[in-house]
1. Over the chain, what relative contact order in percent results from Cα pairs under 8 Å that are six or more residues apart?
2. Sequence-distant or interchain residues sharing an amide H contact under 5 Å with Arg25, placed H: which?
3. Of the heavy-atom accessible surface of the chain (probe 1.4 angstrom), what whole percent is carbon and sulfur?
4. With the radius of gyration and the Kirkwood radius both derived from the Cα set of the chain, what is their ratio Rg to Rh?
5. For the stretch 29-70, state the average projected area of the convex hull of the C-alpha atoms over all orientations, rounded to one decimal in nm².
6. Which value in nm describes the separation of the simple spin-label points at Gln42 and Lys67, placed 7 Å from the Cα toward the beta carbon?
7. About the Cα centre, and with charges only on the beta carbon of Lys, Arg (+1) and Asp, Glu (-1), how big is the dipole of the chain? Nearest 20 debye, please.
8. Any chance you could give the angle, 0 to 90 degrees and rounded to 10, that helix 27-69 forms with the longest Cα principal axis of the chain?
Amino acid sequence: MAQRKIVKNNTNLEKDVFTGAILNRDSNAYSQAVKRKRLRKQKETELQDLKSQVSELASLVKTLTKKIDK
(Lines give C-alpha, C1' and ligand atoms only; values in the text may rest on other atoms or scores of the structure.)
Protein backbone atom coordinates (compact mmCIF):
# COMPACT_ATOMS: atom_id res chain seq x y z
CA MET A 1 0.00 0.00 0.00
CA ALA A 2 1.34 3.41 -0.97
CA GLN A 3 2.27 5.80 1.79
CA ARG A 4 1.82 9.45 1.07
CA LYS A 5 3.00 12.58 2.81
CA ILE A 6 1.63 16.08 2.31
CA VAL A 7 4.11 18.38 0.58
CA LYS A 8 5.26 21.31 2.71
CA ASN A 9 3.58 24.63 1.96
CA ASN A 10 1.00 23.04 -0.37
CA THR A 11 -1.77 20.92 1.11
CA ASN A 12 -3.08 20.02 -2.36
CA LEU A 13 0.06 18.02 -3.14
CA GLU A 14 1.14 14.66 -1.76
CA LYS A 15 4.35 12.75 -2.24
CA ASP A 16 4.24 8.99 -2.71
CA VAL A 17 6.98 7.79 -0.41
CA PHE A 18 7.63 4.61 -2.40
CA THR A 19 7.88 6.07 -5.92
CA GLY A 20 8.71 9.68 -5.11
CA ALA A 21 5.88 10.87 -7.37
CA ILE A 22 4.15 14.14 -6.54
CA LEU A 23 0.38 13.80 -6.75
CA ASN A 24 -2.20 16.58 -6.94
CA ARG A 25 -5.16 15.99 -4.61
CA ASP A 26 -7.14 18.95 -5.96
CA SER A 27 -9.92 17.35 -8.03
CA ASN A 28 -11.08 20.74 -9.32
CA ALA A 29 -7.63 21.49 -10.73
CA TYR A 30 -7.59 18.04 -12.33
CA SER A 31 -10.99 18.64 -13.95
CA GLN A 32 -9.80 21.98 -15.28
CA ALA A 33 -6.62 20.38 -16.70
CA VAL A 34 -8.67 17.69 -18.45
CA LYS A 35 -10.96 20.37 -19.87
CA ARG A 36 -7.98 22.42 -21.12
CA LYS A 37 -6.50 19.33 -22.75
CA ARG A 38 -9.80 18.50 -24.46
CA LEU A 39 -10.17 22.07 -25.74
CA ARG A 40 -6.56 22.15 -26.98
CA LYS A 41 -7.08 18.87 -28.85
CA GLN A 42 -10.32 20.20 -30.34
CA LYS A 43 -8.57 23.37 -31.53
CA GLU A 44 -5.73 21.33 -33.03
CA THR A 45 -8.27 19.18 -34.89
CA GLU A 46 -10.06 22.29 -36.17
CA LEU A 47 -6.76 23.78 -37.30
CA GLN A 48 -5.83 20.60 -39.19
CA ASP A 49 -9.27 20.60 -40.85
CA LEU A 50 -8.82 24.21 -41.91
CA LYS A 51 -5.35 23.49 -43.30
CA SER A 52 -6.77 20.59 -45.28
CA GLN A 53 -9.58 22.75 -46.66
CA VAL A 54 -7.16 25.53 -47.65
CA SER A 55 -4.94 23.00 -49.39
CA GLU A 56 -7.93 21.60 -51.26
CA LEU A 57 -9.03 25.09 -52.29
CA ALA A 58 -5.53 25.91 -53.51
CA SER A 59 -5.53 22.74 -55.59
CA LEU A 60 -8.91 23.63 -57.08
CA VAL A 61 -7.72 27.15 -57.94
CA LYS A 62 -4.67 25.71 -59.70
CA THR A 63 -6.86 23.32 -61.66
CA LEU A 64 -9.22 26.13 -62.66
CA THR A 65 -6.40 28.43 -63.76
CA LYS A 66 -4.91 25.64 -65.90
CA LYS A 67 -8.29 25.08 -67.57
CA ILE A 68 -8.77 28.81 -68.17
CA ASP A 69 -5.27 29.12 -69.72
CA LYS A 70 -5.98 26.37 -72.29
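The values are calculated or read from the model by the stated rules, or taken from the named source; none is laboratory data. Predicted, not measured: the structure shown is a model, and the values here were computed from it. Using ideal geometry, Cβ is built from the backbone for each residue, glycine included, and neighbour counts are taken over all protein chains shown. In case anyone asks, the SASA skips ligands and DNA or RNA and just uses the protein heavy atoms, side chains included. Shrake-Rupley method; radii C 1.70, N 1.55, O 1.52, S 1.80 Å.
1. Details: 39 pairs, mean separation 10.2, N = 70.
Worked out over the chain, it gives 15 percent.
2. Long-range HN contacts for Arg25: Leu13, Glu14.
3. Numbers: 3770 of 6860 Å².
Carbon plus sulfur share of accessible area: 55 percent.
4. Values: Rg = 25.1 Å, Rh = 16.6 Å.
Ratio of gyration radius to Kirkwood radius for the chain: 1.51.
5. Working: hull surface 9.2 nm².
Taking the Cα atoms of the stretch 29-70, their convex hull projects to 2.3 nm² on average.
6. Once both label points are built, they end up 3.8 nm from each other.
7. Working: 17 positive and 8 negative charges, 13 e Å.
It comes to approximately 60 debye.
8. Taking the Cα atoms of the chain, the angle to 27-69 is about 10 degrees.
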